[in-house]
1. I need the full set of residues from the stretch 13-34 which are out of contact with any helix residue (DSSP H, G or I) (no Cβ under 9 Å at 6 or more places or on another chain) and modelled with pLDDT of 95 or more, in order please.
2. Every residue in the stretch 1-12 that is in contact with a helix residue (DSSP H, G or I) (Cβ under 7 Å, 6 or more places away or on another chain) and surrounded by 13 or more Cβ atoms within 10 Å (Cβ to Cβ), please.
3. What are the residues in the stretch 76-111 that are closer than 25 Å to residue 137 by Cα, touching a residue at least 40 places away in the same chain (Cβ under 8 Å) and surrounded by fewer than 21 Cβ atoms within 10 Å (Cβ to Cβ), if any?
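The values are calculated or read from the model by the stated rules, or taken from the named source; none is laboratory data. Note that the structure is predicted; figures quoted are calculated from it, not measured. As a convention, Cβ positions derive from the backbone with ideal geometry for all residues, glycine included, and neighbour counts pool all protein chains shown.
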């Protein structure tokens with residue numbers, strides 16, 4: 001299934017935030033907020049190093065990816081990908097990954113990473129299939145500032 005993969009705009013944010021908040025797979029298990037604030041996403045959309053993409057089928061949101069590029073380290077960080085229940089395992093996630101990697105390469109990125117829960121076997125298999133190495137287990141440690 002081929003999706004249209006445009007860059008995210010401010011007009012997309014309410015729909016993206018609702019989908020992000022309703023997706024249990026991206027919950028971190030900490031007390032920190034579990035999805036991005038609208039103001040954060042608005043700034044990220046405007047950033048030359050933010051890569052926020054939608055996947056749309058017949059104009060309907062089928063998923064999204066949020067990533068960014070750090071030009072100092074030349075690292076790309078894949079923050080989160082969500083594909084709606086009805087479009088999972090249809091190739092949407094691969095299309096989002098391919099579009100994101102192309103944008104990262106165009107920015108000069110030479111290393112890409114992301115975090116995946118240890119029990120998310122589908123995501124681990126997806127990334128392995130696409131040439132990513134699976135490393136050792138780590139814990140997510142986070143806090144909010146100011147303290």
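1. Across the stretch 13-34, the qualifying residue is only 15.
2. 3, 5, 8
3. Listed by number, the list holds a single entry, 80.
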